[in-house]
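The values are calculated or read from the model by the stated rules, or taken from the named source; none is laboratory data. As the structure is a computational prediction, the values presented were derived from the model and not from experiment. Ideal geometry is used to build each Cβ from the backbone, glycine not excepted, and the neighbour counts take in all protein chains shown. When the accessible area is computed, the model is the full protein with side chains, heavy atoms only, and any ligands, DNA or RNA have been set aside. Shrake-Rupley method; radii C 1.70, N 1.55, O 1.52, S 1.80 Å.
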Amino acid sequence: MKNWWRKWSYEIPLAFGDALWEVLVVQFADFLSRLTIRRVLEFVAIAILVMAFVQTLPIDLAILFAGDALLYLEFVVTIRLVAGREHFQAMLRLVARLARLAIRLSRTAVDVSISRISRMRERRTAPRAARPRRTSDRSDDGEGFGINWGVLAAA
């Protein structure tokens, strides 16, 4: 019985006091030494969310969440617009290169076709030069010994 009295009057309150000291003083001091600005901001944000859920004012929570969603969508739209602007500029550069290539090709095609047409017209209007006809060599001497009439022999 004496042991039981000592345990409940002395040891258990001391153990409880030591546990409270560990939690409320030692661990809290360790928490404060590791505390950063980011953790403080996170705590404030969480506290605001808790107050928003606990509030009794007639503001609907859907409006709060819709506002958050719209804010996130604005960020996404801004990023997409910047990326789309770069994409659009690259597309315009490609279109300009293709247009320059098409203009060069059409100029070349027009110049070539005009020169062909003018050459064909010159051929039609110019008198054809008379070419001597080849006569067959029917001599008995064999190939290369017969001479066509009207052609001078080289000595």
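Give the residues of the range 96-126 that are β-branched (Val, Ile, Thr) and surrounded by 10 or more Cβ atoms within 10 Å (Cβ to Cβ), sorted by residue number.
Within the range 96-126, 103, 108, 110, 112, 114, 117 meet the criteria.
Residue-by-condition table, conditions (1) modelled with pLDDT of 90 or more; (2) open to solvent by 100 Å² or more (accessible area, probe 1.4 Å):
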{"position": "31", "(1), (2)": "no, no"}
{"position": "47", "(1), (2)": "no, no"}
{"position": "51", "(1), (2)": "no, yes"}
{"position": "57", "(1), (2)": "no, yes"}
{"position": "67", "(1), (2)": "no, no"}
{"position": "81", "(1), (2)": "no, yes"}
{"position": "94", "(1), (2)": "yes, no"}
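Residue 73: part of a helix (DSSP H, G or I) and at pLDDT 85 or above, yes or no?
no
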